[in-house]
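Shown next, in structure tokens, is the structure this report addresses.
The values are calculated or read from the model by the stated rules, or taken from the named source; none is laboratory data. Everything numeric in this text was worked out from a predicted model, so none of it was measured. Cβ: placed from backbone, ideal geometry, glycine included. Neighbour counts: every protein chain shown. Surface accessibility is based on the protein's heavy atoms, side chains included, excluding ligands, DNA and RNA. Shrake-Rupley method; radii C 1.70, N 1.55, O 1.52, S 1.80 Å.
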Amino acid sequence: MNKINDEIKMKVPLHIPDYESIPVIIATFFVFVPLTLIDHLYRSIWTYLSVVLIISITLAVIHLRSCYEIIINNNELIVKKVLFKDLKIPVEKIVEISDFNNTLNKYRKPFFLILGLIVLSVTVMEVSDGFESIGKYGFYEATNISLVFFIPIMMVIIFYNSYRMTHYSKAIKVKTDPGFIDLYPENEEKYLLLKEKLDSLLR
């Protein structure tokens, strides 16, 4: 977190409508399905490693699309993204700044208990089936090992990204024209700093 010349620069968990990732997901799907089929029917070291690569890229995209940094100055709010173009919102496009109760913080114990049990159950089932397949057909003929770990790792990433939003009881909504940004600061200091700076933009 930096504050230089009345500019705030901070890494903070947030949620925004993410339309840019939809084409990436669709493109990945149309590569993933035929590649997996080819690997299943005509397996070679290259098809095997290609499936591992495309799954690794998919998991990296799922994680990195939630890694944001925001910059707030007197003229605009900037959401810096790792994979896509930065989102720049001029002050005149900011309609309203408000706070709201963070329900993820309030109900995080039952929420993450249930989610954790789901992740654990899915992981045990997927890994068990995967190793059973390897034991029955051999490593080369069994299910691609990356497919075994894909869903468990994806769920762990979602679990972790959700957990990052639970640390403080208050969150901030920035309504824009069009759209919105929900900010989930991790502590009171970040919350107060963000809220004060954002409120000053509308004065």
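Looking at PHE150, is it among the hydrophobic types (A, V, I, L, M, F, W, C), surrounded by 15 or more Cβ atoms within 10 Å (Cβ to Cβ) and at pLDDT below 85?
The answer is no for PHE150.
Are any of the residues in the stretch 53-66 open to solvent by less than 70 Å² (accessible area, probe 1.4 Å), more than 25 Å from ILE151 (Cβ to Cβ) and in contact with a Phe, Trp or Tyr (Cβ under 9 Å, 6 or more places away or on another chain)?
no
Checking the conditions here, which among ASN161, ASN144 is surrounded by 14 or more Cβ atoms within 10 Å (Cβ to Cβ) and either among the β-branched types (Val, Ile, Thr) or within 23 Å of ASP39 (Cα to Cα) (or both)? Quick ask: steps written out before the conclusion?
Working: ASN161 fails: either among the β-branched types (Val, Ile, Thr) or within 23 Å of ASP39 (Cα to Cα) (or both).
None of the other options fit; the residue is ASN144.
Would you tally the residues in the stretch 1-22 being open to solvent by 70 Å² or more (accessible area, probe 1.4 Å) and either modelled with pLDDT under 80 or over 17 Å from the mean Cα position of the chain (by Cα) (or both)? Steps first, answer last, please.
Here is the first cut: in the stretch 1-22, the residues open to solvent by 70 Å² or more (accessible area, probe 1.4 Å) are 1-6, 9, 11, 15, 19, 22.
The next check asks that each one be either modelled with pLDDT under 80 or over 17 Å from the mean Cα position of the chain (by Cα) (or both); those that pass are 1-6, 9, 19, 22.
Matching residues across the stretch 1-22 total 9.
Kindly provide the set of residues from the stretch 15-62 that are outside any loop (DSSP other than H, G, I, E, B) and under 30 Å from ILE172 (Cβ atoms), ordered by number. Steps first, please.
Filtering the stretch 15-62 down to residues outside any loop (DSSP other than H, G, I, E, B) leaves 15, 21-41, 45-62.
If the condition is that a residue be outside any loop (DSSP other than H, G, I, E, B) and under 30 Å from ILE172 (Cβ atoms), then HIS15, SER21, ILE22, PRO23, VAL24, ILE25, LEU59, ALA60, VAL61, ILE62 are the ones that fit.
List pairs: first in the stretch 50-66 and closer than 10 Å to LEU83 by Cβ, second buried (at least 18 other Cβ atoms within 10 Å of the Cβ), Cβ under 8 Å, 6+ apart or cross-chain?
ARG65/LYS81
Within the stretch 90-131, take every residue that is in contact (Cβ under 8 Å) with a residue 12 or more places away in the chain and hydroxyl-bearing (Ser, Thr, Tyr) and give me the one that is surrounded by the most Cβ atoms within 10 Å (Cβ to Cβ).
THR123
Filtering the stretch 172-203 down to residues that are open to solvent by less than 10 Å² (accessible area, probe 1.4 Å) and part of a strand (DSSP E or B), which residue is farthest from SER162 (Cα to Cα)?
Residues of the stretch 172-203 open to solvent by less than 10 Å² (accessible area, probe 1.4 Å): 172, 174, 181, 183, 185, 194, 198.
So of that shortlist, the ones also part of a strand (DSSP E or B) come out as 172, 174, 181, 183.
Values: ILE172: 16, VAL174: 19, ILE181: 16, LEU183: 13 Å.
If we take residues in the stretch 172-203 being open to solvent by less than 10 Å² (accessible area, probe 1.4 Å) and part of a strand (DSSP E or B), then VAL174 is farthest from SER162 (Cα to Cα).
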